[in-house]
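The values are calculated or read from the model by the stated rules, or taken from the named source; none is laboratory data. Because the structure is predicted, anything quoted here is derived from the model rather than measured. In this analysis, Cβ positions are derived from the backbone assuming ideal geometry, glycine residues included, and neighbour counts consider all displayed protein chains. Heavy atoms of the whole protein, side chains included, go into the accessibility calculation; ligands, DNA and RNA do not. Shrake-Rupley method; radii C 1.70, N 1.55, O 1.52, S 1.80 Å.
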Amino acid sequence: MEFVIISGMSGAGKTSALHIMEDIGYYCVDNIPTSLLQTLYKLCKDSSDKAMKRVAVVVDVRGNGDYEVMYDDLENFKKNNEGVSILYIDAKVDSLIVRYKETRRRHPLTERLKDGSVAAAVKEEQRLLVPVKTLADYSIDTTFMSIKQLRERIISMFLENSSNSIMLTFMSFGFKYGIPLESDLIIDVRCLPNPFYIAELKEHTGLEKCIQDYVLDSEETQEFVKRLIDWLDYSLPLYLKEGKSELVVGIGCTGGKHRSVTIAELLDNYFMEKGYKCIVQHRDVKNNEV
């Protein structure tokens with residue numbers, strides 16, 4: 001099991017880091033007290049759900065009033081459990097002060113200090129977190145980082161295969177019922193051979209071998225599929241580079257029953273074998289409207 005604890009300076013980007021961890025498949029919990037870490041760890045370890053075997057949590061001042069206790073809890077938890085690592089998110093004091101002033105958010109330590117200024121609160125938190133920082137396995141300084149750069153850094157740290165950081169959904173549909181609004185890309189396969197006009201094939205769907213063989217055996221389809229896959233193979237790393245965490249590819253034919261289903265199934269199988277996380281959905285395959 002992987003159990004990643006995200007800690008660090010308030011305003012440095014811990015929540016953004018947690019969202020990125022969620023995008024790449026971690027089960028995430030924000031603002032958990034250190035006293036509950038062992039309980040969560042045991043629940044996840046004992047669970048039969050594979051999704052609970054990669055966990056990321058944020059531990060910070062919001063859920064822990066005493067920094068010394070927080071440090072002791074983290075040190076003991078890390079020492080006594082396997083698969084635990086700590087990611088420390090940091091930034092320079094001046095940068096944090098500017099971020100707080102720009103967002104007009106209140107620093108968590110402001111009310112605890114006589115000098116309730118943001119600058120004083122940031123500097124005090126930095127001092128208090130020095131012991132926690134020494135426990136970190138990974139450290140990221142976000143002072144000059146964009147969200148895109150932070151994402152790339154986290155992916156490089158926690159994913160062996162970067163293709164796992166994007167979820168691909170291949171959705172077949174019929175143009176006669178409308179284009180799926182959630183689609184990022186639309187592939188029109190109405191140019192391919194249509195089984196609808198073959199009496200013995202008309203009532204079957206692209207989930208069945210007879211339809212798949214009919215559609216895929218033609219030279220036109222084979223060339224179409226080759227070029228489509230070449231284009232997606234080229235494009236997907238570019239979407240990853242831009243920080244895309246999900247891509248919905250709509251594949252449409254006239255009724256959404258034969259050609260689009262066949263191509264969606266083919267793409268799902270191909271990219272799953274390449275290590276991508278894939279979902280295939282057939283929106284209109286059971287739609288009998290004429």
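Within segment 127-145, the set of residues being more than 18 Å from VAL4 (Cα to Cα) and hydroxyl-bearing (Ser, Thr, Tyr) comprises THR142, THR143. Checked against (1) farther than 22 Å from ILE229 by Cα; (2) hydrophobic (A, V, I, L, M, F, W, C); (3) loosely packed, with under 14 Cβ neighbours inside 10 Å, ILE179 passes all but condition (1).
Do the conditions hold for THR143, that is, is it of a type in the set (Ser, Thr, Tyr) and over 24 Å from LEU266 (Cβ atoms)? It is true that THR143 is of a type in the set (Ser, Thr, Tyr) and over 24 Å from LEU266 (Cβ atoms).
With respect to (1) part of a loop (DSSP other than H, G, I, E, B); (2) more than 19 Å from ALA56 (Cα to Cα), the lone exception for ALA136 is condition (2). Of the listed requirements (1) more than 20 Å from the chain's Cα centre (by Cα); (2) open to solvent by less than 10 Å² (accessible area, probe 1.4 Å), LEU236 misses just one: (1).
The residues of segment 134-150 that are farther than 21 Å from TYR100 by Cα, surrounded by fewer than 16 Cβ atoms within 10 Å (Cβ to Cβ) and either touching a Phe, Trp or Tyr at 6+ places or on another chain (Cβ under 6 Å) or charged (D, E, K, R) (or both), listed by number, are ASP137, SER139. Only residues that are over 16 Å from the mean Cα position of the chain (by Cα) and farther than 13 Å from CYS191 by Cα were counted across segment 239-254, and they come to 2.
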